[in-house]
Amino acid sequence: MDREKKCEWKRHRVQALWALLTNSYLIGFIQGKIYRGRLKNLCVPGLNCYSCPGALGACPIGAMQAVIGNWNFKFAFYVAGFLMFVGALTGRFVCGWLCPFGLIQELLHKLPFPKKIGAFRGDKLLRKLKYVILAVFVILLPMFVVDILGQGLPYFCKLICPAGTLEGGLPLVLMNQSMRSALGGLYAWKNLLLVLTIVFSILIYRPFCKYICPLGAIYSVFNPISVFRYRVDQEKCTGCGVCEKVCKMQVKPMKNANSLECIRCGLCKKSCPVHAIGEVKLKDEGVRHQAEKV
């Protein structure tokens, strides 16, 4: 157990450091203004709100909605290429190690509560919701529901994203009187979603990542084929089930080490008593391809 906690807190330190580096425009929190320099043209890999006063880069989901709505194909190709590159390289490693909102959910889940919720009836079906949200709110609505000028809106950011409310909406509203005077039902709705996300994060491990996040949905598709992925040595594996017990995403590494739900936290690898779980190495892939040719 101590080894698991040590592994987890090491990962939390990386998450916190990355969150600080990508949100280091600290004067923005004082002035109540967002950074608009050249770095804002670049995406960060995790879900990090563009409107956060400290954010130095753009959220890839927000950027995707913006370019789909604008039909700015040059920038759209950049966003799509960025997501494909990161996904093909790491899969959902970003979710487990670099996403600030993932860290927030994990820390909330550490708060004591009489009974935490693990897997439940309908859990597997509910996890498909994030793919529906990706298709409807990130792609289809910005593409087809447009104004008189043909401009689509970032519907996921506007109607759903609790990370945007926490990182951008609340700080900006607190620091700007003009924004506070213009608040309405939409802001109340977004805060309600944020409160629900906080409550469920205490009860359920990473509920937003499991059921809602469209960025996780994109990266998950690359999990089985990404350069960085896991491999189970079947000759070493004893089938003890320890890896499955420690996995907070309810993945079964023995059967599918690169499940779409795996966030590469590394707990299964650290907990395996016979060290049967490891990363796939490029030289191993080369040997496998040579064997297939023979």
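The values are calculated or read from the model by the stated rules, or taken from the named source; none is laboratory data. Quick caveat: nothing in here was measured; it's all calculated off a predicted structure. Cβ placement follows ideal geometry from the backbone for every residue including glycine, while neighbour counts extend to all protein chains displayed. Areas reflect the complete protein model, heavy atoms only, side chains present, ligands, DNA and RNA absent. Shrake-Rupley method; radii C 1.70, N 1.55, O 1.52, S 1.80 Å.
Sort out for me the helices (runs of 4 or more DSSP H) sitting completely within the range 12-108 that have 1 or more residues that are among the hydroxyl-bearing types (Ser, Thr, Tyr) and open to solvent by less than 70 Å² (accessible area, probe 1.4 Å). Reasoning before the result, please.
On the way: elements: 27-31, 60-70, 73-90, 93-97.
Correct list: 73-90.
Might you check whether a residue that is part of a helix (DSSP H, G or I) and either surrounded by 16 or more Cβ atoms within 10 Å (Cβ to Cβ) or under 18 Å from the mean Cα position of the chain (by Cα) (or both) occurs anywhere in the range 250-259?
No, there is no match, as no residue in the range 250-259 is part of a helix (DSSP H, G or I) and either surrounded by 16 or more Cβ atoms within 10 Å (Cβ to Cβ) or under 18 Å from the mean Cα position of the chain (by Cα) (or both).
Being under 27 Å from the mean Cα position of the chain (by Cα), open to solvent by 30 Å² or more (accessible area, probe 1.4 Å) and among the charged types (D, E, K, R) is the filter here, so list the residues in the range 158-197 that pass it.
Hit for the range 158-197 is Lys158, nothing else.
Could you tell me how many of the residues in the range 228-247 are farther than 20 Å from Glu8 by Cβ and exposed (fewer than 11 other Cβ atoms within 10 Å of the Cβ)?
So the count comes out to 3.
Between His289, His275, which is at pLDDT below 95 and part of a loop (DSSP other than H, G, I, E, B)?
His275
Could you grab the pairs with beta carbons closer than 8 Å, sequence gap of 6+ or different chains, first residue in the range 176-199 and more than 14 Å from Gly164 (Cβ to Cβ), second one among the charged types (D, E, K, R) and in a helix (DSSP H, G or I)?
Listed by first residue and then by second, the contacts come to nothing, as the list is empty.
Please state which one of Gly32, Gly37 is at positive phi, out of contact with any Ser or Thr (no Cβ under 9 Å at 6 or more places or on another chain) and not β-branched (Val, Ile, Thr).
None of the others qualify; the one that does is Gly32.
Could you identify the single residue in Leu203, Leu140, Leu129 that is farther than 24 Å from Cys262 by Cα and over 14 Å from the mean Cα position of the chain (by Cα)? First the steps, then the outcome.
Working: Leu203 fails: farther than 24 Å from Cys262 by Cα; Leu129 fails: farther than 24 Å from Cys262 by Cα.
The unique qualifying residue is Leu140.
At pLDDT 95 or above and either out of contact with any Asp or Glu (no Cβ under 6 Å at 6 or more places or on another chain) or open to solvent by 70 Å² or more (accessible area, probe 1.4 Å) (or both): does that describe Phe120?
On the way: at pLDDT 95 or above: no; either out of contact with any Asp or Glu (no Cβ under 6 Å at 6 or more places or on another chain) or open to solvent by 70 Å² or more (accessible area, probe 1.4 Å) (or both): yes.
The answer is no for Phe120.
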